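Some notes on the structure that comes next.
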Amino acid sequence: TDFGYKQVPEADKEKLVHGVFSSVASSYDVMNDAMSMGIHRIWKRHMINKLDCGMRASSGEPLQFLDVAGGTGDIAFGLLDHAKEKYGDTQSKMIVADINADMLKEGERRSKKTVYADSPRIKFMVQNGEKLDAIPDNSIDVYTVAFGIRNFTDKQAGLNSAYRVLKPGGIFACLEFSKVQDPVLDYFYQIYSFSCLPMMGQFIANDRESYQYLVESIRKHPDQETFANMIRKAGFYVPGKGYENLTFGVAAIHVGVKL
Ligand code: SAM
């Protein structure tokens, strides 16, 4: 069932995505919390721990991270913190790329309150994740994207670009809303997302449309298996089944390795 939902024509999508994130950049945390009932913070922490990145003592080679659709910088700061706390790595570098300058500004504003304030280790770049024009081939060790790729107009192009910019041996990791696996749970989840969320959007942000768009983008995002196959199609080696479900599949982490 589509719960009577209106589709957004593909041609209007980029404009709409821009509008959605510009209009919510400041109330962004509230939206994320509403969407996931606060659980997105735990998912992000889990992805960071799972990746376990950081320059190892034996290596001496700092890592180059790229967080695409990085917006507010949650993942970027989290990865750098993990590298420092666990491996004493204070050299690895981060590029935060996002298509929306307002979201990046929010990320930069937040970085001022962290130890990375004005650090040459973090660069914020306006970039379309589908192309990553300014990022050279084979230049990135770890590519992350959290709750971003479902907004791409051409997701396969995004995955292909991820493959292009990663070094051989580099890792791709994507945290994204996914498909709830149990049909009964999924039924209740659908009711929550199609009825409650837009209503909450109306009350919290006075912006029903943006929330409605977000719900639709989740519904249209490929399921776990299909997405794993798209990652394979981009050229990645996908270990095991290629993903880990979080909270019954409300979200999933997909990984791929560029061999
Ligand atoms: N990764 C952050 C997080 O998890 O808190 C932000 C996620 S936010 C829901 C989605 C972000 O994707 C927005 O900042 C939006 O501007 C960005 N975005 C949408 N389409 C994009 C594209 N084609 N290329 C790069 N970023 C994009």
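The values are calculated or read from the model by the stated rules, or taken from the named source; none is laboratory data. A quick note: this is a predicted structure, and the numbers were derived from the prediction, not measured. Note that we place each Cβ from the backbone using ideal geometry, even for glycine, and neighbour counts take in every protein chain shown.
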Inset, instruction - Given the conditions (1) more than 18 Å from the chain's Cα centre (by Cα); (2) within 16 Å of the ligand (Cβ to nearest atom); (3) part of a loop (DSSP other than H, G, I, E, B), report the number of the one that residue 70 does not fulfil. - result: (1)
Inset, instruction - Please state which one of 50, 105 is closer than 21 Å to residue 143 by Cβ, surrounded by fewer than 21 Cβ atoms within 10 Å (Cβ to Cβ) and at pLDDT 90 or above. - result: 50
Inset, instruction - For residue 92, work out the one condition from (1) surrounded by 22 or more Cβ atoms within 10 Å (Cβ to Cβ); (2) within 14 Å of residue 123 (Cα to Cα); (3) among the small types (Gly, Ala, Ser) it doesn't fulfil. - result: (1)
Inset, instruction - Answer yes if at least one residue in segment 183-198 is in contact (Cβ under 8 Å) with a residue 24 or more places away in the chain, closer than 13 Å to residue 222 by Cα and not polar (S, T, N, Q), and no otherwise. - result: no
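Residues to consider are 83, 34; find the one that is modelled with pLDDT of 85 or more and either of a type in the set (A, V, I, L, M, F, W, C) or assigned to a helix (DSSP H, G or I) (or both). Full working, then the answer.
Numbers: 34 fails: modelled with pLDDT of 85 or more.
Within the list 83, 34, the selection yields 83.
Quick one: which of 112, 131, 84 is more than 16 Å from the ligand (Cβ to nearest atom), over 30 Å from residue 58 (Cβ atoms) and out of contact with any strand residue (DSSP E or B) (no Cβ under 6 Å at 6 or more places or on another chain)? I'd like the intermediate steps shown before the answer.
Working: 131 fails: more than 16 Å from the ligand (Cβ to nearest atom); 84 fails: over 30 Å from residue 58 (Cβ atoms).
None of the other options fit; the residue is 112.
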Inset, instruction - Inspect all residues belonging to segment 188-195 and state whether any of them is surrounded by fewer than 18 Cβ atoms within 10 Å (Cβ to Cβ), away from the ligand (no atom under 15 Å from the Cβ) and among the polar types (S, T, N, Q). - result: yes
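Somewhere in segment 110-124, is a residue in a helix (DSSP H, G or I) and exposed (fewer than 14 other Cβ atoms within 10 Å of the Cβ)? Give the derivation first.
First, pick out the residues of segment 110-124 that are in a helix (DSSP H, G or I): 110-111.
Subsequent filtering for residues that are exposed (fewer than 14 other Cβ atoms within 10 Å of the Cβ) retains none.
Scanning segment 110-124 turns up no residue that is in a helix (DSSP H, G or I) and exposed (fewer than 14 other Cβ atoms within 10 Å of the Cβ).
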Legend entry - Residues that are polar (S, T, N, Q) and either without any contact (Cβ under 8 Å) to a residue 12 or more places away in the chain or near the ligand (Cβ under 9 Å from one of its atoms) (or both), drawn from segment 140-169: 144, 151, 153
